[in-house]
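The values are calculated or read from the model by the stated rules, or taken from the named source; none is laboratory data. As the structure is a computational prediction, the values presented were derived from the model and not from experiment. Note that we place each Cβ from the backbone using ideal geometry, even for glycine, and neighbour counts take in every protein chain shown. The accessibility values were calculated without ligands, DNA or RNA, using every heavy atom of the protein model including side chains. Shrake-Rupley method; radii C 1.70, N 1.55, O 1.52, S 1.80 Å.
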Amino acid sequence: AAARNTGIEAANGEYVGFMDNDDMIHPDMMKRLYDLAKRNDCDIAVTSVYQIKQNGYEKFIQYPLMEDVAITTEDYFNKGCLYWVVIWNKIYRASIVKEHLFPRIVADNNAWSPCVSSYADKICYLNDYSYEWDRSIRIRTQVNDWLEKSKEKYFDDVKKTVLFYLENGNQKRIGLLKRLAEKQLIGIGKAWKYDKYEKFWKEIEGRF
């Protein structure tokens, strides 16, 4: 988060994008997303993602969206596009990003992506798999460490991410953020068989 925020503060372009240092992008990914965003006057432009595996490439993230058209943020949320809260297959309008920096918490992208998306008005998509995500050809990553935490510690991390986007997201779209929080909390709670997630959802349901 600290490195990302340093980059955001130094950026002077119209859009900002992110890339993990162990992944790959197609040489023209940024240009294609920039042209897409400009053509449709969008705040966020998105591409689909391949995963790099031992035996080659596999489709990893694809969105249920029409290509090369602007959609509303409401459509983006309602079609479940924030189920994958990755930040690196997108570019964002810099004026929005500079007003909403990353929190310095574990899984900061899970907290930041819904927050920033709630301030966008229009979002567009290219299904061209320009981003290549590498997680299967190495022995261990931070994701492995996170998933091996105790149920209580994992819950504490998730709780912080949800509270961040509910507290710092666009309050005009708090209904969208709450529906996302419900989906995430109930889903993770069932997967982990841990009732604190549902209790936390009931706690925040009437708070926001």
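Would you pick out the residues in segment 113-125 that are open to solvent by 20 Å² or more (accessible area, probe 1.4 Å) and either part of a strand (DSSP E or B) or closer than 16 Å to residue 157 by Cα (or both)?
122
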Subset tally (residues that are open to solvent by 70 Å² or more (accessible area, probe 1.4 Å), aliphatic (A, V, I, L, M) and not in a loop (DSSP other than H, G, I, E, B)) for segment 37-83:
0
Breaking point among (1) modelled with pLDDT under 90; (2) open to solvent by less than 20 Å² (accessible area, probe 1.4 Å), for residue 103:
(1)
In segment 1-20, residues that are more than 17 Å from the chain's Cα centre (by Cα) and in a loop (DSSP other than H, G, I, E, B) total 4
Sort out which residues of segment 192-203 are open to solvent by 40 Å² or more (accessible area, probe 1.4 Å), in contact with a Phe, Trp or Tyr (Cβ under 9 Å, 6 or more places away or on another chain) and not hydroxyl-bearing (Ser, Thr, Tyr), and write them in order of number.
192, 196
Exclusive hit being more than 18 Å from residue 113 (Cβ to Cβ) and either open to solvent by 70 Å² or more (accessible area, probe 1.4 Å) or not charged (D, E, K, R) (or both), set 206, 169
206
Evaluation of residue 110 against (1) in contact with a Phe, Trp or Tyr (Cβ under 7 Å, 6 or more places away or on another chain); (2) under 24 Å from residue 24 (Cα atoms); (3) open to solvent by 20 Å² or more (accessible area, probe 1.4 Å) (one fails), failing number
(1)
Kindly list the number of the only condition in (1) over 28 Å from residue 159 (Cα atoms); (2) polar (S, T, N, Q); (3) modelled with pLDDT under 95 that fails for residue 40.
(3)
For segment 19-30, indicate whether the set of residues that are touching a residue at least 40 places away in the same chain (Cβ under 8 Å), open to solvent by less than 20 Å² (accessible area, probe 1.4 Å), within 11 Å of residue 127 (Cα to Cα) and of a type outside the set (D, E, K, R) is non-empty.
no
